[in-house]
Amino acid sequence: MAGSAVTGGLSMAFGCTSRAPHGGIWVVGLIGKPFLWILSIAAGVLVSAIVVVVAKSFKPGESDEQIAAEIEAGAAAELPAPRTATPARTG
């Protein structure tokens, strides 16, 4: 949401206008000040990427490897032994 806020705020501050009610990047030809509008989008994408990287850098408690090992150990203990296929007996 931070990236969207930056994009919206910049596009409003730059005075970008849109004659299309919707369409995203595909209506760039109908945008007033299209280069500043694209710059606004790029700035919002950059802010979103930074927020995601920072948020994913926090690791509370165990590492992903420890959690995966515990899941595999628990799953292996709960599963029955694999059965082998045997031909059907007739007669």
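The values are calculated or read from the model by the stated rules, or taken from the named source; none is laboratory data. Keep in mind that this is a model prediction, so the values were computed, not measured. Note that we place each Cβ from the backbone using ideal geometry, even for glycine, and neighbour counts take in every protein chain shown.
Counting only helices (runs of 4 or more DSSP H) that sit wholly inside the chain, those with at least 2 residues that are modelled with pLDDT of 80 or more and either among the β-branched types (V, I, T) or over 26 Å from the mean Cα position of the chain (by Cα) (or both) are 2-14, 34-57. Condition first: over 17 Å from S4 (Cβ atoms) and either basic (K, R) or in contact with a Cys (Cβ under 9 Å, 6 or more places away or on another chain) (or both). Now tell me which residues in the stretch 37-59 satisfy that. Matches in the stretch 37-59: K56, K59.
Applying a threshold of 7 Å to beta carbon distances and a minimum spacing of six or more residues, or different chains, the list of pairs starting in the stretch 15-30 at a residue that is among the hydrophobic types (A, V, I, L, M, F, W, C) and ending at one that is part of a loop (DSSP other than H, G, I, E, B) reads C16/K33; V27/A20; L30/R19; L30/A20.
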